[in-house]
Amino acid sequence: MTVAVCATVKNEAADAAALVASLREQDLEAGEIVIVDGGSTDGTFDALRAAAAGDSRFDIRCAPGTNIAAGRNNAISATRAPLVAVTDAGLRRSRHWLRSLVTAVQTEPRAAGSYGYILAAPETTFEAALGAVALPLAHQIDPARYPPSSGSALFRREWLQRAGGYPEWLAHGEDLWLDRAIWRAGGWFRHAPGADVGLRPRSTVAAFCRQYFLYAAGDGQAGMLVPRHVLRYGAYALGLALLLHPSPAARALLALLAAAYLGRSLRRVPATVRQTPGVNPLVAGALTPLLRIVGDLAKMSGFVAGRARRLRE
C-alpha cells in the first residue's frame, strides 16, 4: 500500500534541511512527499528546495498566508496515496518512523490511523525542566486516551475525508480537533512505538508562554477541553484563597495541595535530566514548579482570549 508524507512549515530555515534529510533516509520510501511553506521570511522555502533537489518525490510548495490547518490540507490534497503520514520540522525521527506508522495500520485494518508519541528531547538545563512540565514520559501515557499529534501521525485517506480534513478556521489546536472528529465518527488510532519522535522544548520563557497561550486559545475558540480549563481556574482560585487566609491550617493545606499538583512534573525531572548531558539537576528541579505555574497562567489567559474570539465570530 502506497503512502504519502505531508508537512507544513513556516520560518523553519534552521531545521529545513534536517526535515528533508530525515524523510529521504526513511527505510520505507514514501511515494509522495509534499511540504507546504506558509509564507516564511527566513529562507525556509529556498532551503527546502535545495535540500530536496534531485528527488522527484518531493513537491515543495509556497502558500503565503495559510495557517497550519490550511497548509496541511493543501499538502494532503496534492497527494493521492491511500495512507497519509503527517509530520513537522524540528522533530527527531528514527529511520523506521514511516515504516512503523504504516505497519501499525496494516496489522489493524479497522484503525483510522496510527501515531507516535511526542517526547521531550532537551539539550539544556532549562529545556530539561520544561520537558518535565510540558511532555509526559512514554510510560506515563495511556495509548487509549492519547490524542495523536500531527507531528507524528498517519491517517487512512477515507477517514480524513470523512472528518472533513483539518479545520482551517482554527489557528491552533487543529490536530486535536481532527482527532476528536475522527473519534466521534467511530474511528480510533493505534500507537506505533517505532514512530515516537523527540521534540526539543522551547528554549526561552517567552517562547514557552506564547506556545501555551496559543494552544489554550485554540481550545477556547473550538470549545475543547473546557472542563480541564475550568478546573485549572478553580484550582488557582482555591490556592489564592488559602494563601490569603491567615490560619496556619490553610497554609499547610495549600502546601499539601501544591505538592500534589506539582508532583507529577517533578517526578519527571530525573528522566529528563538523565537524557541531557551536562544538565544541573538542582537547577532543573527548582525551575520545574516555576515553569508549571507560568505555563498555567499562559493557558488561563489564552483560553479567555480564545473564548472571546469564539463569541465575536
Cross-chain or 6+ apart pairs with Cβ under 6 Å, segment 138-159 first and touching a residue at least 12 places away in the same chain (Cβ under 8 Å), then open to solvent by 50 Å² or more (accessible area, probe 1.4 Å) and assigned to a loop (DSSP other than H, G, I, E, B): Arg157/Pro82
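Limited to segment 223-233, what total is found for residues that are in a helix (DSSP H, G or I) and open to solvent by 20 Å² or more (accessible area, probe 1.4 Å)? Don't jump to the end; show me each part of the working.
Quick first cut of segment 223-233, residues in a helix (DSSP H, G or I) only: 226-233.
Applying the additional criterion that residues be open to solvent by 20 Å² or more (accessible area, probe 1.4 Å) yields 226-228, 230-233.
Counting residues in segment 223-233 that are in a helix (DSSP H, G or I) and open to solvent by 20 Å² or more (accessible area, probe 1.4 Å) gives 7.
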Failed item in (1) under 30 Å from Ala129 (Cβ atoms); (2) among the β-branched types (Val, Ile, Thr); (3) open to solvent by less than 30 Å² (accessible area, probe 1.4 Å), with Ile182 passing the rest: (1)
Exclusive hit being in a helix (DSSP H, G or I), out of contact with any helix residue (DSSP H, G or I) (no Cβ under 6 Å at 6 or more places or on another chain), among the small types (Gly, Ala, Ser) and over 16 Å from Ile293 (Cβ atoms), set Ala206, Ala252, Ala217, Ala259: Ala252
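Being free of Cβ contacts under 8 Å to residues at least 24 places away in the same chain and either in contact with a helix residue (DSSP H, G or I) (Cβ under 8 Å, 6 or more places away or on another chain) or farther than 30 Å from Thr272 by Cα (or both) is true for just one of Ala53, Ala47, Ala132. Which residue is that?
Numbers: Ala47 fails: free of Cβ contacts under 8 Å to residues at least 24 places away in the same chain; Ala132 fails: free of Cβ contacts under 8 Å to residues at least 24 places away in the same chain.
The match here is Ala53.
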Within segment 93-113, considering residues that are among the aliphatic types (A, V, I, L, M) and in a loop (DSSP other than H, G, I, E, B), the one nearest to Val5 (Cα to Cα): Ala112
Selection from segment 29-44 of residues that are without any contact (Cβ under 8 Å) to a residue 60 or more places away in the chain, within 23 Å of the chain's Cα centre (by Cα) and open to solvent by less than 50 Å² (accessible area, probe 1.4 Å): Ile33, Val34, Ile35, Val36, Asp37, Gly38, Gly39, Ser40, Thr44
Selection status of Leu199, closer than 30 Å to Pro109 by Cα and within 16 Å of the chain's Cα centre (by Cα): yes
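State all residues of segment 53-108 that are of a type in the set (Gly, Ala, Ser) and open to solvent by 40 Å² or more (accessible area, probe 1.4 Å); if no residue qualifies, say none.
We begin by selecting, within segment 53-108, every residue of a type in the set (Gly, Ala, Ser); these are 53-54, 56, 63, 65, 69-71, 75, 77-78, 81, 85, 89-90, 94, 100, 104.
Across segment 53-108, the qualifying residues are Ala53, Gly54, Ser56, Gly65, Ser77, Ser94.
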Segment 300-313: number of residues that are closer than 22 Å to Ala235 by Cα and either open to solvent by 50 Å² or more (accessible area, probe 1.4 Å) or not in a helix (DSSP H, G or I) (or both): 3
Of residues in segment 115-138 being in contact with a Ser or Thr (Cβ under 8 Å, 6 or more places away or on another chain) and either assigned to a loop (DSSP other than H, G, I, E, B) or closer than 25 Å to Arg162 by Cβ (or both), the one most open to solvent (accessible area, probe 1.4 Å): Glu123
Close pairs (6 angstrom Cβ cut-off, 6 or more residues apart or separate chains): of a type outside the set (Asp, Glu) in segment 285-300, open to solvent by 50 Å² or more (accessible area, probe 1.4 Å) anywhere: Thr288/Leu266; Ala298/Phe213
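The values are calculated or read from the model by the stated rules, or taken from the named source; none is laboratory data. Just so it is clear, the structure is predicted and the values come from calculations on it, not from any experiment. Don't worry about glycine lacking a Cβ; one is built from the backbone with ideal geometry, like all the others, and counts go over all protein chains shown. All accessible areas refer to the heavy atoms of the entire protein, side chains included, with ligands and DNA or RNA removed. Shrake-Rupley method; radii C 1.70, N 1.55, O 1.52, S 1.80 Å.
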